[in-house]
Structures are given as C-alpha cells and as structure tokens.
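> Could you have a look at this structure, given as structure tokens, before my questions?
The values are calculated or read from the model by the stated rules, or taken from the named source; none is laboratory data. Quick caveat, the model's predicted, so the values are computed rather than measured. Glycine gets a Cβ as well: all are built from the backbone with ideal geometry, and neighbour counts include every protein chain shown. Accessible surface areas use protein heavy atoms only, side chains included; no ligands, DNA or RNA. Shrake-Rupley method; radii C 1.70, N 1.55, O 1.52, S 1.80 Å.
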Amino acid sequence: MKTLKQGLMSGLKTTWMLAKIIFPITFLITVLSHTPVLDWIARQIAPVMGWLGLPGEAAIPLVLGNFLNLYAGIGAILSLELTVKEVFILAVMLSFSHNLIVESAVATKLGVRISVILLVRIGLALFAAVMINWLWQGGQEIAQYGMLQSPETVEPTSVAGIAFEGLTAATMGILQLAVFVFPIMLLIQVMRDLKLLEWFSHKMLPFTRLLGIAPNTSTTLASGLFFGLALGAGVMIEEVKKNGVKKKDVYLVVIFLVACHAIVEDTLIFIPLGIPVLPLLAIRLVTAILLTMVVAYFWNRSEKKNEQKEAVVHENSRYGAF
C-alpha cells in the first residue's frame with residue numbers, strides 16, 4: 001500500500017512538472033503554426049534539415065528537446081503535422097540527444113569530458129537520421145497522435161478559435177503522456193522497495209563482460225539503464241565512488257548510457273506519437289552495445305601498447321644501470 005501511494009504521488013509530481021513544460025510549449029507552437037513565424041524559421045533551416053529527411057519546422061522539437069528535455073520536444077511534435085517517417089526520425093534523434101544541459105552536467109560529475117558526451121550524442125543523432133532517411137522508403141502517411149485517429153477539424157480563423165485549438169492540443173498532450181507517466185513512476189518505486197536493482201545488477205555481470213566493462217560497474221549501468229542519466233545520477237555517482245571504478249570503465253559506461261538510458265520511460269513516452277517503439281528501442285540498444293564494444297576494444301589495445309612500451313623502457317633502464 002505504501003509503495004502504491006508513493007508511486008502515485010511520484011507520478012502526480014512528475015506529471016505536474018511535465019505539465020508546466022509541455023502545456024505552454026504546445027500552446028505556443030500551436031498558436032505560432034497559424035502565423036508566418038514557423039514558415040520563416042522553416043525556410044531558414046530547411047536546407048540543413050533536408051539532409052536529415054525532415055522539414056524545416058522539425059528543428060523546433062529538436063532544439064526544445066536538446067535544451068530542455070524529451071517531453072518538451074514531444075510537446076512540440078504534437079502540434080506539428082508530420083509523416084510517420086519524420087516523427088520516427090525525430091524520435092530516434094531525440095532518444096540519442098536530449099536534455100543535453102542537465103544530463104551532460106551529470107556525466108561530467110562522473111569525470112567524463114563534456115566534449116566526449118556531446119560528440120557521441122549529437123553525432124549519433126545526426127548519423128541515425130541520415131541512415132534512416134536513406135534506408136527507409138516507407139512511413140509516408142501522416143502520423144496519428146494518441147491512441148485513436150484524430151478526426152478532421154476545421155481550420156480556425158479567429159483569434160479565439162486559434163487560442164482554443166492551442167489549449168485543446170496542450171491539454172490532450174498532457175493527458176496522453178500522463179497515461180504512461182503514472183505506471184512508469186509506480187514501476188520505479190516498486191523496483192526501489194523490492195531492491196530489484198541489486199538483483200538485476202548481479203544478473204547483468206555477463207553483459208558487462210561482453211561490453212568489456214569491469215563487473216563493479218553493473219549497478220551503475222543498471223541505474224542509468226532504468227532511471228536515466230539524470231534520475232539515476234545519485235546512484236551512479238555513489239557507486240563510482242564506493243566501488244573505485246576505473247576511468248576507462250566510467251567512460252565506457254557513460255558512452256553506453258548516453259546512447260541508451262531510461263529504456264522504459266524513454267521508449268514508452270513515444271507511444272502517443274503513433275510510431276513503432278520496438279524498432280526505436282532496438283536501434284538504441286544495438287547502437288549502445290556496438291559503440292561500447294568498439295571503444296572498449298581500441299581502448300584495451302591502446303592500454304596494452306602503453307604497457308608494452310613501459311615494459312621496454314623499464315628493461316632498458318635496468319640494463320642501462322649496469
């Protein structure tokens with residue numbers, strides 16, 4: 001009963017926090033869509049966005065998502081008419097690169113350079129967009145947001161009509177996201193109370209070995225994987241200090257997590273956008289695994305070369321002493 005109460009309260013607080021972000025952004029973008037402002041922005045950025053398979057106005061959710069968070073980006077998407085392919089490209093980009101200011105600050109507390117974080121996240125977002133645009137020829141139908149298809153509506157012409165449309169879009173955006181926020185926060189609370197995180201960390205040991213990461217990083221990896229870089233910051237920083245994680249392993253864990261973290265929340269919140277979320281999750285997970293394994297491979301090779309050089313220098317110094 002206590003777990004249920006705490007989970008629901010956490011869901012309520014999270015929904016309220018998100019509402020304060022999503023409502024004004026969705027309202028503003030919806031109103032601006034009836035003015036020349038978005039068209040002007042689209043014309044300025046269209047040449048660049050075209051390489052990513054996106055219209056110019058799609059830059060707005062990208063900017064909001066990267067400087068604020070995923071919810072702000074989704075709030076902007078909800079007020080734009082985009083194809084399924086365009087929404088999917090945006091979702092993949094935002095899943096790799098979002099909330100850069102907060103999450104990058106968290107990662108730097110773990111001793112990772114902010115330049116590395118930004119390079120990996122923004123680089124993955126841009127590369128993924130180009131590849132999806134090039135490889136996927138489908139998804140040309142207009143995306144239907146929410147659980148049901150939206151009925152055709154008459155374009156408002158008055159100021160009051162435009163304002164009402166903005167209020168409606170903002171309210172529906174919050175309600176649709178709240179449907180997923182409450183169970184997500186309840187699940188997180190259950191995991192905390194039942195200490196499932198420690199159990200999962202033990203089960204992840206073979207996975208950490210596959211990635212080339214030390215076993216003492218499993219709790220850190222599990223925390224970020226479930227709770228995200230921001231929500232799991234306390235656990236991650238504490239584990240790094242307590243377990244004496246090496247610099248190499250910290251970098252590898254962070255590289256993995258910047259590509260794939262908060263796998264439950266950051267996947268389910270895209271469902272209201274009407275896109276296939278399982279391929280989205282697969283892209284993030286596979287990319288994170290491959291990228292971490294590649295970095296670990298080259299890092300280990302570099303370490304071995306350095307050790308060999310040090311051994312040679314040490315031997316030469318011994319003979320030189322005689």
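> Hey, got a sec? Which GluC sites (Glu not before Pro) in the range 59-106 land in a DSSP loop and have at most 16 other Cβ atoms within 10 Å?
GLU81
> Leaving out ligands and nucleic acids, note down the accessible area per residue over the range 33-78 with a 1.4 angstrom probe, in whole Å².
Ligands and nucleic acids excluded, the figure is 44 Å² per residue.
> Can you tell me the FRET efficiency between VAL312 and LEU187 if r is taken as the Cβ-Cβ distance and R0 is 41 Å, rounded to the nearest 0.05?
Step by step, r from the Cβ atoms, then E = 0.15.
> Highest first, please rank the peptides 274-287, 298-311 by the mean number of other Cβ atoms sitting within 10 Å of their residues.
Peptide ranking by packing, descending: 274-287, 298-311.
> May I pose another question? Please report the orientation-averaged projected area of the range 242-300, defined via the convex hull of its C-alpha atoms, in nm².
Mean projected area of the Cα convex hull: 4.7 nm².
> Continuing with the same structure: Can you pick out the pairs among LYS248/LYS305; LYS203/LYS248; LYS20/LYS203; LYS247/LYS304; LYS2/LYS246 whose Cα atoms lie more than 27 Å from each other?
LYS20/LYS203; LYS2/LYS246
> Listed highest first by mean packing, meaning other Cβ atoms within 10 Å per residue, what order do 132-138, 260-266, 104-110 come in?
260-266, 104-110, 132-138
> Summing +1 for each Lys or Arg and -1 for each Asp or Glu, what net charge is found among the other residues whose Cβ lies under 14 Å from the Cβ of SER104?
Spelling it out: positives minus negatives among the neighbours equals +2.
> Set the Förster distance to 45 Å, then compute FRET efficiency between HIS202 and SER158 from the Cβ-Cβ distance, nearest 0.05.
The computed FRET efficiency comes out at 0.15.
> Once you place label points 7 Å from the Cα toward the Cβ at LEU175 and MET131, how far apart are they in nm?
The two pseudo-label positions are separated by 3.9 nm.
> Something else: First measure r as the distance between the Cβ atoms of VAL294 and PHE67, then evaluate 1/(1 + (r/R0)^6) with R0 = 35 Å and state the FRET efficiency to the nearest 0.05.
My answer for the efficiency is 0.75.
> Next question, about the same structure. Tell me whether the range 1-117 comes out rounded, prolate or oblate; compute the Cα gyration tensor, take square roots of the eigenvalues as a ≥ b ≥ c, and use a/c under 1.5 as the rounded threshold.
Taking the square roots of the gyration eigenvalues as a ≥ b ≥ c, the range 1-117 is oblate.
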